[in-house]
Every structure is written in structure tokens, then in C-alpha cells.
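**Q** Here it is, the structure, as C-alpha cells.
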Amino acid sequence: MKIENVNDFLEYYSKVRARTRRVALLIPDTQLEWTYQPGKFTLGDLVRHIAAIERWLYAETVFGRPAAYQGCGPELASGKAAVLDYFDAMHAESVALFQQLTPEQLEAKVSTPAGYPITCWKWLRLLPEHEIHHRGQIYLYLNQLGVATPPLYGLSSEEVLELSQPKS
């Protein structure tokens with residue numbers, strides 16, 4: 001899907017963000033810095049990473065500036081309330097910047113952190129993919145901890161199976 005109007009994209013992306021925030025709220029305070037293996041992202045790291053990449057990579061590079069991502073550790077925000085505040089603040093800053101993109105800027109080439117040229121709207125389109133990928137990790141981590149998570153779109157796989165008709 002080509003992004004021709006940044007506000008249409010942001011309307012879609014706000015729904016992606018709302019689903020991510022809904023699952024981030026379920027992270028137990030005592031498990032915020034838990035990870036399944038040393039050296040891997042913690043739950044808090046995942047939430048901070050989504051926020052930091054949005055603001056300091058995407059919201060910079062779409063304007064032709066170099067990425068300014070500095071990691072996602074607890075030095076950015078410590079404690080669940082602070083992590084969620086950071087998540088919300090980085091999103092608000094990013095949206096304010098994205099809203100400034102003109103149709104001409106959306107069509108222009110930008111450079112990825114690896115130095116590859118890509119059309120701005122195509123690069124921006126990858127932002128929700130990145131978030132969805134890490135949201136899936138949060139779901140998995142929470143399931144490993146025994147935390148009940150909501151179905152993504154209202155029904156679980158088991159509920160869809162129950163409501164489905166057998167193939168004829």
C-alpha cells in the first residue's frame with residue numbers, strides 16, 4: 001500500500017500503537033526487566049526499543065537526518081510507569097514530526113542507517129512492521145511468564161475455530 005497522505009498512514013499506525021500499548025500495560029511491574037536469556041531484550045527493553053526506534057531512527061531518517069538511536073536500556077526509563085510515559089512521549093514527538101511530511105517528501109529518497117536509499121513512504125511503511133514484530137515478542141514473553149494476554153482482534157484462535165464452519 002502506497003502512503004500518499006501521511007495523515008491516513010498515521011490513522012492506521014495509531015491503531016497499531018494502541019494494540020501494542022494494550023499488551024504493554026499487562027507487563028507485571030516485577031517482571032519489567034525480565035528476559036528469557038541473558039543478553040536478550042527484556043520486556044522493558046522491548047517497549048523502550050519500539051519507542052526509541054520510532055523516534056530516533058524513523059522520525060530522523062524520513063527527514064534525511066542520520067539515525068540517533070542510542071539503545072533501549074533502563075537508563076532511558078526505569079519502572080513501568082516511566083517506561084510507558086517514555087513510550088507515549090516518543091510516539092507523540094514522532095507523530096508531530098511525521099505530520100510535517102509533505103507529499104513531495106514522501107516521494108523523495110531517504111537513506112537507511114545501513115546507507116541504502118529507499119523512497120520515504122516505503123521506509124515509513126516498515127515502521128508498523130517493526131513494531132508488530134516486537135509486539136509479538138512481548139506476547140510471547142508474557143505467555144512464558146503465565147500472563148494472560150488478550151486476543152489481538154477480539155477472538156482467540158480457539159474461538160475462531162469454534163465459530164468456523166466445516167469445509168464441504
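**Q** With the requirement that a residue be within 30 Å of ASN5 (Cβ to Cβ) and modelled with pLDDT under 95, what does region 117-168 give you?
**A** LEU152, TYR153, GLY154
**Q** Within region 1-39, how many residues are within 19 Å of GLN137 (Cβ to Cβ) and hydrophobic (A, V, I, L, M, F, W, C)?
**A** Of the residues in region 1-39, 9 are within 19 Å of GLN137 (Cβ to Cβ) and hydrophobic (A, V, I, L, M, F, W, C).
**Q** Note down all Cβ pairs under 9 Å where the first residue falls in region 152-164 and is touching a residue at least 40 places away in the same chain (Cβ under 8 Å), the second is in a helix (DSSP H, G or I) and surrounded by 12 or more Cβ atoms within 10 Å (Cβ to Cβ), and they're at least six residues apart or on different chains.
**A** LEU152/ARG19; LEU152/VAL23; LEU152/ARG135; LEU152/TYR139
**Q** Every residue in region 85-110 that is in contact with a helix residue (DSSP H, G or I) (Cβ under 9 Å, 6 or more places away or on another chain) and farther than 20 Å from ALA51 by Cα, please.
**A** Listed by number, the residues that qualify are THR102, PRO103, GLN105, LEU106, GLU107, ALA108, LYS109, VAL110.
**Q** Go through the residues of region 99-111 one by one and say whether even a single one is under 21 Å from THR149 (Cα atoms) and among the basic types (Lys, Arg).
**A** no
**Q** Another question about this same structure. What number of residues within region 122-165 are within 17 Å of the chain's Cα centre (by Cα), among the hydrophobic types (A, V, I, L, M, F, W, C) and assigned to a helix (DSSP H, G or I)?
**A** 8
**Q** Only residues that are in a helix (DSSP H, G or I), surrounded by fewer than 17 Cβ atoms within 10 Å (Cβ to Cβ) and not charged (D, E, K, R): list them for region 103-121, please. Steps first, answer last, please.
**A** Within region 103-121, the first condition is being in a helix (DSSP H, G or I), and the residues that meet it are 103-107, 120-121.
Retained after the next criterion (residues that are surrounded by fewer than 17 Cβ atoms within 10 Å (Cβ to Cβ)): 103-105, 107.
PRO103, GLN105, listed by residue number.
**Q** List, please: which pairs have Cβ atoms under 7 Å, are six or more places apart or on different chains, and start with a residue in region 76-94 that is under 14 Å from LEU26 (Cα atoms) and end with one that is in a helix (DSSP H, G or I) and modelled with pLDDT of 95 or more?
**A** LYS80/ASP29; VAL83/GLY44; VAL83/VAL47; VAL83/ARG48; LEU84/ALA24
**Q** Could you run through region 13-59 and say how many residues are closer than 23 Å to LEU155 by Cα, small (Gly, Ala, Ser) and loosely packed, with under 13 Cβ neighbours inside 10 Å?
**A** Number of matching residues: 2.
**Q** Could you please find all residues in region 60-75 being surrounded by fewer than 19 Cβ atoms within 10 Å (Cβ to Cβ) and either under 24 Å from ILE27 (Cβ atoms) or not aromatic (Phe, Trp, Tyr) (or both)?
**A** GLU60, GLY64, ARG65, PRO66, ALA67, ALA68, TYR69, GLN70, GLY71, GLY73, PRO74, GLU75
**Q** Okay, moving on. Can you tell me which residues in region 127-140 are under 15 Å from LEU57 (Cα atoms), in contact (Cβ under 8 Å) with a residue 24 or more places away in the chain and surrounded by fewer than 17 Cβ atoms within 10 Å (Cβ to Cβ)?
**A** Residues of region 127-140 under 15 Å from LEU57 (Cα atoms): 127-131.
From what is left, the residues that are in contact (Cβ under 8 Å) with a residue 24 or more places away in the chain are 127-128, 130-131.
Hit for region 127-140 is HIS130, nothing else.
**Q** Against the conditions (1) modelled with pLDDT of 95 or more; (2) within 21 Å of VAL47 (Cα to Cα); (3) not aliphatic (A, V, I, L, M), where does SER111 fall short? Just the number, please.
**A** Condition (2) is where SER111 drops out.
**Q** Moving on. Consider region 15-37. How many of its residues are within 16 Å of the chain's Cα centre (by Cα) and without any contact (Cβ under 8 Å) to a residue 60 or more places away in the chain?
**A** 3
The values are calculated or read from the model by the stated rules, or taken from the named source; none is laboratory data. Just so you know, these numbers come straight off a predicted model, no measurement behind them. Ideal geometry is used to build each Cβ from the backbone, glycine not excepted, and the neighbour counts take in all protein chains shown.
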